[in-house]
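Novice: After the structure tokens below, expect a handful of questions from me.
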Amino acid sequence: MGAALPAVGLAAAAGFMGVASHLGIGLLGGAAAYLGVDALFIQPAIDRKQGAGDELAAAARAFLQRALLSRTVADIALELDAVARSALGVERTLLLVPAPEGGVRVLGGDGSESARVGEAEQAFLWLGERGEPVDAELLTQLAEFDGARAAGELLHRLDAQVLLPLRHRGLLLGVAALSTPGRAGKAAEGLGNFYRILGAHATVAIANTYLDVEARGKKSLSKALDLATAIQEALMPDDRPVRRHGIAIRGLFRPVAECGGDLWTWQDLGGGRLLLLIGDATGHGAAPAMLTAVAKGGVDALRHVLGETLDPSELLTQLNRAVYKAGRTRYLMTAFAAVLDSAAGEIRFANAGQNFPYMITRGDAGRVKLEALVARGNTLGAAPEAHYVTSARRLDPGDRLVLYTDGVIDAGSPGSEPFGEKRFRAAMISLAEAPAAKLAEGLLAEVDAYLSGRPFADDMTLVVAEALPREEGAEV
Amino acid sequence: MSSALTIPIALAVVVLLLWAVFLALRHGRRQATTSRAGLNEQVLTEFVVRSLDLPGFSDVLADATTTAQIAFGAQRGVIFEPGAKDGTWDAWAPGPQPLEPVPDASRPAFAWLKHNAEVIALDEVSGPRFGAMRIPLSDLKARYGIDTLVPLVDRRTTIGAIGLWLGRRPSGFERSLLEHLRIEATAAAANVRLHREAAHKLTLEKEVDLASAVQRALLPAVQEDSAHGLSWVGHCQFSGQAGSDFWCSYDVGGGKLLVVIGDVIGSGLAGSMVSAVAKSCCDAFSAAGTTDPGALLTALNRALWRPQRPIHMTGVAALFDAARGSVAWANAGHPMPYFASAHDDRLGVLTGSGPMLGDIQDARYASSTRGLVRGDAVLLYTDGLVEAMNLQRVPFGERRLQRALSAAKTAGPPRVRDAILHAVDEFRAGAPVDDDELLVYVRAS
């Protein structure tokens, strides 16, 4: 029953003695007097004490709320000064932060800024290690340590009594210096916890101000990369199936990051010939994407210059020069180029380090046959000059050519078994009857099913070309 | 003792006793609150100091939720954080609780919270303040068994929310403590989130750096040279990490020099990609013997033309032949090059221009020709040079370029380049470079 217990006891005693007796009246008087004192002095004192605690907490909270909205460290210095002034009666607060150009910025609560604080490095190091508020008295006690002495000198130079190190993730972001002349030395006592909270609040506000600048920089960077991705996609043929000169083509491209290092393209060379090219620059990101742009420019130009006389080995020789120049051997690119002529029933191809594409054909008695188009050559960009050899083989109606990049075979999360050549071949055989578009989609669906939602680690490109039976060869 | 006094005294005793009981109750309750408040404050303070060292966004939210559960005796804590896709939200509880997507119907609540960043007692959502949000908020309450929602809003973005089941309506004091928690948790969560963004920025910066290194490799390695009675310099300064201007020069045999400059519409990496394509095309064309400026631009236009997603650039190709004393050029929507004659103090221009490259599928570009004698010179440049701004946002302009060129034209190409760049720099007076600046100067010597 707390503070009223004595009064109740006195009243009970009065009742026991008889309220009308002299003693009873005296006891009742005592009870009344106690209650009067309690109501007039004790309770208000308790209220005040609690109120003061609430006030400090509310002040710290309001400071954080305002500081979080600040755009600059100077604004935070203003807020810190205001809260220390109003909640603690601190006369002056200075915020010391390292300047980008070296040295220390001293930010005042009146918006002033100066750089004249002298040598502070040693004091900062010591305060950063300590990470707790220190006052003049403590620094005097610790004066045998060089760091503490340096901090004491800093305190003296700033005419302050308390130093609050603002440490964030092991890094000292700054130091707040509080001048409390009325309570010199003793300032940290009892208020230690409040200082700690205020320090934590100032720290997070400053850190967030710095980080916000970076985060905004990131936004513009990712926008730049997004635009680059859009251009890269513009350089690739679109996803729609194509029919040209008795050949149906379907290509699918899935970049893993903002930009990819994969490239595929088809070009109508005229004279009933189609050029098909697939490439894979080392790594993924903007730099390999730039390399694919270089290669694409080369292909675009050469098909204009050479037209139907374009030869796969000659194309790769030229691309090797372009990639070598741009990649400076830091970036390489594998590529496979093929010229398909369905009227002549021939495919001519050359390879620069690209994994061998597959031909799906009908063997004897209509059995599905799967064979690799084997041709070897140096990876593009490894040497200033490289020579490639064009191979040729028959292309019959119904034959399918499957081009793919590493990403398809290697699909799988790190540590787990990749999709692999075996599964890929099995999928091709099971889908052998499907037309080009369905074959490409079906193969990628197999990879997706294998991944079952896990992210893939490398760009995936898959291109299927099918020699159409004569009557279906009309252009679309 | 008279009986007349007994009744007033008895009444006084009763009143005093009632008062005593009232005061005692009040005091007892307040002491209980005060000690809990003290404990709560301490729990919160520890959260602040601790949360600044937590590694992940989810860690901070989990810690804040657990702290709230301890401080307020909440039986349940649910964490809401943005999902992988924009606009989606996931819900989970501290401990090994899997993520669960928040249904579409409740999502508008999170967008609304950014303008209403206060602790919300979900029992009160029928009030007019909540308007259309009544349903989404009530859905959250029913689905996750929570009665209090603590939104975390930083820089006008809802970065997360904490749902609690208190089982009671919070008192005024509890509300202020909840607000305290909200602000602390917001600061800590924003901090981790910004850290993540800043780290991501470093990765992206590295990526852009690598890409711009590839692009710089596409610029001619030799910036000044002389051969076949011609001497030339080129200069290209990118405004950012990645530029969209390019130039190239080819010794195409027979004592001829082919120079091409280009300016891609679009900036940054995207512009660089297009300029890489164009540069690569020029290399291939010149290697294949397409050296006539008009034919080169016609072929370049065909190669760059894309029906669905057009890309545009302007450019000039010029073929110098000192032995025969001629210069041939073709222009695709580019500022006309200056011609500085050895025998005339007035500057001329290489006139005539066709459409921008990539604009019209079958555009044809014709070459023009004029004589070139010893001492004649041609200045090719991109608009970034004449549009260089000073701090007052005044452009450098053609006039100043002409004056700088006229004053320096009798000197050798490197001196002319230096004089022009010096004039631009002096004019700019410290203002930032905000467009790529390119110039190529060729002189018959």
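The values are calculated or read from the model by the stated rules, or taken from the named source; none is laboratory data. These numbers come from a predicted model, not from an experiment. Cβ atoms come from the backbone with ideal geometry, glycine included; neighbour counts cover every protein chain shown.
Novice: Quick check on my filter: what residues within region A:88-105 are buried (at least 21 other Cβ atoms within 10 Å of the Cβ) and free of Cβ contacts under 8 Å to residues at least 40 places away in the same chain?
Specialist: Scanning region A:88-105 gives a single hit, A:V104.
Novice: Filtering region A:129-178 down to residues that are buried (at least 23 other Cβ atoms within 10 Å of the Cβ) and part of a loop (DSSP other than H, G, I, E, B), which residue is nearest to the chain's Cα centre (by Cα)?
Specialist: Among those that are buried (at least 23 other Cβ atoms within 10 Å of the Cβ) and part of a loop (DSSP other than H, G, I, E, B), it is A:P133.
Listed here are the residues, each with its yes/no results for (1) at pLDDT 90 or above; (2) of a type in the set (K, R); (3) more than 27 Å from the chain's Cα centre (by Cα).
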site	(1), (2), (3)
A:R425	yes, yes, yes
A:A434	no, no, yes
A:A449	no, no, yes
A:F456	no, no, no
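Novice: Another question, if that's okay. Can you name the number of the only condition in (1) assigned to a helix (DSSP H, G or I); (2) among the aliphatic types (A, V, I, L, M); (3) under 28 Å from B:M389 (Cα atoms); (4) in contact (Cβ under 8 Å) with a residue 24 or more places away in the chain that B:L297 fails?
Specialist: (3)
Novice: Any idea which of B:A299, B:A284, B:A288 is at the interface with chain A (Cβ under 8 Å from one of its Cβ atoms) and surrounded by 24 or more Cβ atoms within 10 Å (Cβ to Cβ)?
Specialist: Values: B:A299 fails: surrounded by 24 or more Cβ atoms within 10 Å (Cβ to Cβ); B:A288 fails: surrounded by 24 or more Cβ atoms within 10 Å (Cβ to Cβ).
Selected residue: B:A284, the only one of B:A299, B:A284, B:A288 that is at the interface with chain A (Cβ under 8 Å from one of its Cβ atoms) and surrounded by 24 or more Cβ atoms within 10 Å (Cβ to Cβ).
Novice: If you don't mind, there's one more thing I want to ask. Take region A:117-174 and flag every residue that is in contact with a Phe, Trp or Tyr (Cβ under 8 Å, 6 or more places away or on another chain), within 26 Å of A:A74 (Cβ to Cβ) and more than 14 Å from every other protein chain (Cβ to nearest Cβ).
Specialist: Residues satisfying the conditions are A:W126, A:A150, A:A151, A:V162.
Novice: What pairs come out if I take residues in region A:229-251 that are free of Cβ contacts under 8 Å to residues at least 24 places away in the same chain and within 14 Å of another protein chain (Cβ to nearest Cβ) and pair them with residues that are assigned to a loop (DSSP other than H, G, I, E, B) and surrounded by fewer than 23 Cβ atoms within 10 Å (Cβ to Cβ) whose C-beta lies under 6 Å away, six or more apart or interchain?
Specialist: These pairs meet every condition: A:A234/B:R309.
Novice: Still on this structure: Report yes if some residue within region A:143-155 is among the small types (G, A, S), touching a residue at least 12 places away in the same chain (Cβ under 8 Å) and under 16 Å from A:R105 (Cβ atoms); otherwise report no.
Specialist: no
Novice: Could you please tell me which pairs satisfy a Cβ distance under 9 Å, a separation of 6+ or placement on different chains, a first residue in region B:233-244 that is among the aliphatic types (A, V, I, L, M), and a second residue that is buried (at least 18 other Cβ atoms within 10 Å of the Cβ) and part of a loop (DSSP other than H, G, I, E, B)?
Specialist: Taking only residues 6 or more apart or on different chains, the pairs are B:A242/B:S267.
Novice: With respect to the numbered conditions (1) aliphatic (A, V, I, L, M); (2) in contact (Cβ under 8 Å) with a residue 24 or more places away in the chain; (3) part of a helix (DSSP H, G or I), which one is the sole condition not fulfilled by B:L202?
Specialist: (2)
Novice: Being under 22 Å from B:I360 (Cα atoms) and either surrounded by fewer than 24 Cβ atoms within 10 Å (Cβ to Cβ) or at pLDDT below 95 (or both) is the requirement here; does B:G271 meet it?
Specialist: Details: under 22 Å from B:I360 (Cα atoms): yes; either surrounded by fewer than 24 Cβ atoms within 10 Å (Cβ to Cβ) or at pLDDT below 95 (or both): yes.
In short, yes.
Novice: State all residues of region A:272-309 that are under 30 Å from B:L204 (Cα atoms), assigned to a helix (DSSP H, G or I) and either more than 10 Å from chain B (Cβ to nearest Cβ) or aliphatic (A, V, I, L, M) (or both); if no residue qualifies, say none.
Specialist: Those that are under 30 Å from B:L204 (Cα atoms), assigned to a helix (DSSP H, G or I) and either more than 10 Å from chain B (Cβ to nearest Cβ) or aliphatic (A, V, I, L, M) (or both): A:A286, A:A287, A:A289, A:M290, A:L291, A:A293, A:V294, A:A295, A:V299.
Novice: Output the residue which, of all residues in region B:187-220 that are more than 9 Å from every other protein chain (Cβ to nearest Cβ) and closer than 25 Å to B:D283 by Cα, is farthest from the chain's Cα centre (by Cα).
Specialist: Among residues in region B:187-220 that are more than 9 Å from every other protein chain (Cβ to nearest Cβ) and closer than 25 Å to B:D283 by Cα, the one farthest from the chain's Cα centre (by Cα) is B:P220.
Novice: Can you find, within region B:43-57, the residue that is modelled with the highest pLDDT among those that are in a helix (DSSP H, G or I), at the interface with chain A (Cβ under 8 Å from one of its Cβ atoms) and out of contact with any His (no Cβ under 8 Å at 6 or more places or on another chain)? Walk me through it before giving the result.
Specialist: Applying the first criterion (in a helix (DSSP H, G or I)) to region B:43-57 yields B:43-51, B:57.
So of that shortlist, the ones also at the interface with chain A (Cβ under 8 Å from one of its Cβ atoms) come out as B:45, B:48-49.
Next, from what is left, pick out any that are out of contact with any His (no Cβ under 8 Å at 6 or more places or on another chain): B:45, B:49.
Details: B:T45: 71, B:V49: 75.
Per the criteria, the residue is B:V49.
Novice: Out of region A:201-225, which residues are out of contact with any Asp or Glu (no Cβ under 9 Å at 6 or more places or on another chain), among the small types (G, A, S) and more than 8 Å from chain B (Cβ to nearest Cβ)?
Specialist: A:S220
Novice: Only one of B:L181, B:L152 is in a strand (DSSP E or B), in contact with a Ser or Thr (Cβ under 9 Å, 6 or more places away or on another chain), surrounded by 13 or more Cβ atoms within 10 Å (Cβ to Cβ) and on the phi < 0 side of the Ramachandran plot; which?
Specialist: B:L152
Novice: Any idea which of B:A132, B:A111, B:A142, B:A190 is under 22 Å from A:Y210 (Cα atoms) and in a helix (DSSP H, G or I)?
Specialist: Details: B:A132 fails: under 22 Å from A:Y210 (Cα atoms); B:A111 fails: under 22 Å from A:Y210 (Cα atoms); B:A142 fails: under 22 Å from A:Y210 (Cα atoms).
After applying the criteria, what remains is B:A190.
Novice: Further, regarding this structure: For A:R85, which of the numbered conditions (1) assigned to a helix (DSSP H, G or I); (2) surrounded by 17 or more Cβ atoms within 10 Å (Cβ to Cβ); (3) assigned by TED's automatic domain parsing to the domain that holds A:A176 fails to hold?
Specialist: Every condition holds for A:R85 apart from (2).
Novice: A further question follows. Just for strands (runs of 3 or more DSSP E) wholly inside region A:341-411: which have at least 2 residues that are β-branched (V, I, T)?
Specialist: Answer list for region A:341-411: A:358-362.
Novice: Taking the conditions exactly as written (of a type in the set (G, A, S), at positive phi and within 42 Å of the chain's Cα centre (by Cα)), does A:G398 satisfy them or not?
Specialist: When the stated conditions are applied, A:G398 does not pass them.
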